[in-house]
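The values are calculated or read from the model by the stated rules, or taken from the named source; none is laboratory data. Remember, predicted model here, so these are calculated numbers, not experimental data. Cβ atoms come from the backbone with ideal geometry, glycine included; neighbour counts cover every protein chain shown. Remember, those area values only see protein heavy atoms, side chains included, never the ligands or the DNA or RNA. Shrake-Rupley method; radii C 1.70, N 1.55, O 1.52, S 1.80 Å.
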Amino acid sequence: MNGLGGYQAALPRSTAGSGSAGFTLVELMVVVVIVAVIAVMAGPSFSEASLNSRLKSATNALLSSVYSARGEAIKRNVPVRLCASSDGASCAGSGDWEQGWIVLDPNDVVIETQNPLPSGYKATSTGGLTLTFQPSGLASTLTTFKLCRSAPEPGGQEREVRISGTGRPTVSKTLTATCPS
């Protein structure tokens, strides 16, 4: 007996010279090349997803302002305007909606302000630079907002926010890629 109750203690074995420990340089280089190829393939896809996420965010900001203007008109029982604005204090006389927009009460008091869209994004409207909601919630004109990406290169997606005569907005995604620069 060796004092271990009939069992022999397992001693660590030396692996020196056995050739089975770790990775070889060739195996490591193959893994690095595979990871690099996957990263190169995933890069543009991630970039496109990020750019489209900004487009969706801009659309949601406009949609939120439409709901806000309509809701304030009904709540206050007065006409409320949603208009393009470059300074966040007054309605713009020229340009387009990507410069930002504001919601105004009849006394030109700013209720809500939206910052300009990120560089390379466009927002246009078929109804001009002002949309008024009546106290009943009805829109003064039928309007379609078009939001798209003009740079870094026109994206394949656009968003349209249509305001019906009843003042209710609907959003649709289109794939025409005809964004003006």
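Computed values, structure above
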read-out: Restricting the stretch 117-138 to residues that are open to solvent by 60 Å² or more (accessible area, probe 1.4 Å) and at pLDDT 95 or above, the residue that is farthest from VAL66 (Cα to Cα); value: SER136
read-out: Output for the stretch 91-104, where each listed residue is modelled with pLDDT under 95 and farther than 24 Å from LEU55 by Cα; value: GLY93
read-out: Residue check, GLU160 free of Cβ contacts under 8 Å to residues at least 24 places away in the same chain and not in a loop (DSSP other than H, G, I, E, B); value: yes
read-out: Segments classed as strands (runs of 3 or more DSSP E), wholly inside the stretch 71-146, with at least 3 members that are closer than 22 Å to LYS173 by Cβ; value: 121-125
read-out: Filter pass, VAL66 being more than 17 Å from the chain's Cα centre (by Cα) and without any contact (Cβ under 8 Å) to a residue 40 or more places away in the chain; value: no
